[in-house]
Amino acid sequence: MKTQKLTVLEKVGFGSGDTAVNLVISSMFLIVAYFYTDIFGLKPSHMGVLFLVARLVDAFTDPLMGMITDKVDTRWGRYRPYFLFLSVPFGLSIFLMFTTPDWSYNAKLVWAYATYILVTVMFTSVTIPYISLIGVLTADPKERLSANGYRLFLAKVAAFLVTIIVPIMAEAWGDGDLAVGYQASMGLMGILGTLLFLFCFFTTTERVKHEVQDKTFGEQLKILLKNDQWLVLCAVCFTGTLGYVIRSSVAAYYAKYYLGADAKMLSAFMTTGVTGALLAMIASTWITKRYCKIQLFRWTQLAVGVLSVIMFFAVQPGDIWLAFILYFLISFVVDLHAPVFWSAIAESVDYGQAKTGKRVSGLAFGGISFFQKAGMGAAGFIVGLLLTYFNYEANVEQSAFTLTGIALMLSVIPGLFHAIMGGLMFKYKITDKYYEEMKRDSLADSALAEADPNIS
């Protein structure tokens, strides 16, 4: 198989797209729940329902966007044009979501629904093409893994911006009004997201051409459901996102109320998690050169379950240093799998083509995105329900029952989902060796068919 090496510039350009995407994802994971309850002023139960409703919208928009990318090809390619034409609306939607109007509670709730769903739609419109892009940049699995290492490293840069720079700018620019501060600082992030998508567009090339099946949604879905490895990744994506979002969403509450942190320490605690995740991107790329990437995926997620239980029982309210250390370890271990997962999606699409003789790409990536956002929505709903169950009230001293609930939401509850995720990966079989053998067999079959068209 002819290798297709990517330049460092193209890998950085590809990664810049995920920096843009993660300005939204990181805000949704790390600060939007805290923003909605403690700054915007929503009740936790109302916030949870909002997150769930937005995912119902995704049930329609994700498959639709996947079908569009399959059917529409342009002189710029199938996926890159969306970065060019939707980058500005994408950036504007971020600004609007973090705008807090001085209205009645019900009117503000309507605004929250409208702007959050707008972000959801814009996010889908650029993310489905983006996560599909790696499949056409190169056919080399090692290059895909390397490019995803760049991508996920740069994605954590966005998380740094959200956790460090945004809170500082919000406090400085708000002049005592955090709502105004968050509007301004996230508006700047929106502008940055627009520029990063344009950079991604101009520095990448779609060089792998795939024959896409011209079939209806139902026909494509039927083919896709025969891809058992893609189905495993869907389940993995959903459960892993549940764990990741629950933990990330409650980190600010944990720092503020369980550890008694001020604004600077709150930012430092969330930044500790991002730092662990950032270092994991580097370590994962190094480890997977020497160790089976699928085994790494399996055992790291099981380890997260163990570490999460340890953190719950070891850290007591106010134990700042121990909390920081264990949170760093969990954040580091949990993200060692990330480059592997996003490379595995493209390989599962190739596996489906080898198994069925038909390629379903856009819907496959759209389906993964749907399960990711379904996990985000379900996690947000669970966070809202649990905060309500544990009697959380914004900006007051919390009871021992509430603090215990917050600690469980940061540790044991998400840790359980990650342990399930690791267990599910024992059903996944596309290692590098398996993938290379599959590609060789496919090429051999193609050459045989060309030599004798009567062979079926």
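Yes or no: A378 open to solvent by less than 30 Å² (accessible area, probe 1.4 Å) and modelled with pLDDT under 95? Considered against the rule, which asks whether it is open to solvent by less than 30 Å² (accessible area, probe 1.4 Å) and modelled with pLDDT under 95, A378 comes out as yes. I'd like to check something: does segment 317-334 contain any residue that is within 26 Å of S45 (Cβ to Cβ), assigned to a helix (DSSP H, G or I) and among the polar types (S, T, N, Q)? Checked against the condition, which is being within 26 Å of S45 (Cβ to Cβ), assigned to a helix (DSSP H, G or I) and among the polar types (S, T, N, Q), segment 317-334 yields no hits at all.
Within the span defined as segment 177-191, every residue fails to be open to solvent by 50 Å² or more (accessible area, probe 1.4 Å), closer than 24 Å to W342 by Cα and either outside any helix (DSSP H, G or I) or touching a Ser or Thr at 6+ places or on another chain (Cβ under 9 Å) (or both). One residue stands out in segment 398-425 among those that are part of a loop (DSSP other than H, G, I, E, B) and in contact (Cβ under 8 Å) with a residue 24 or more places away in the chain: the one that is farthest from H46 (Cα to Cα), namely S411. Pairs meeting the criteria (first residue in segment 114-125 and under 12 Å from L92 (Cβ atoms), second residue open to solvent by 20 Å² or more (accessible area, probe 1.4 Å), beta carbons under 6 Å, at least 6 apart or on different chains) are T115/L96; M122/P89.
Is it the case that some residue within segment 347-359 is within 30 Å of I68 (Cβ to Cβ), open to solvent by less than 60 Å² (accessible area, probe 1.4 Å) and of a type in the set (S, T, N, Q)? Yes, there is a match, as at least one residue in segment 347-359 is within 30 Å of I68 (Cβ to Cβ), open to solvent by less than 60 Å² (accessible area, probe 1.4 Å) and of a type in the set (S, T, N, Q).
Considering only residues that are open to solvent by 20 Å² or more (accessible area, probe 1.4 Å) and modelled with pLDDT under 85, which ones fall in segment 324-343? Of everything in segment 324-343, just one residue is open to solvent by 20 Å² or more (accessible area, probe 1.4 Å) and modelled with pLDDT under 85, namely W342. Residues in segment 349-373 that are hydrophobic (A, V, I, L, M, F, W, C) and either assigned to a helix (DSSP H, G or I) or within 16 Å of T127 (Cβ to Cβ) (or both): V349, A354, L363, A364, F365, I368, F370, F371. Quick one: is L161 closer than 29 Å to F14 by Cβ and either modelled with pLDDT under 90 or surrounded by fewer than 17 Cβ atoms within 10 Å (Cβ to Cβ) (or both)? Criteria met by L161.
Among the residues making up segment 426-437, a single one is open to solvent by less than 20 Å² (accessible area, probe 1.4 Å) and either at pLDDT 95 or above or part of a helix (DSSP H, G or I) (or both): Y435. Checked against (1) closer than 28 Å to S125 by Cα; (2) surrounded by fewer than 24 Cβ atoms within 10 Å (Cβ to Cβ); (3) not hydrophobic (A, V, I, L, M, F, W, C), R298 meets all criteria but (1).
The values are calculated or read from the model by the stated rules, or taken from the named source; none is laboratory data. This one's a predicted model, so the numbers in the text were calculated from it and none came from an experiment. Ideal geometry is used to build each Cβ from the backbone, glycine not excepted, and the neighbour counts take in all protein chains shown. Only protein heavy atoms, including side chains, enter the accessible area calculation; ligands, DNA and RNA are left aside. Shrake-Rupley method; radii C 1.70, N 1.55, O 1.52, S 1.80 Å.
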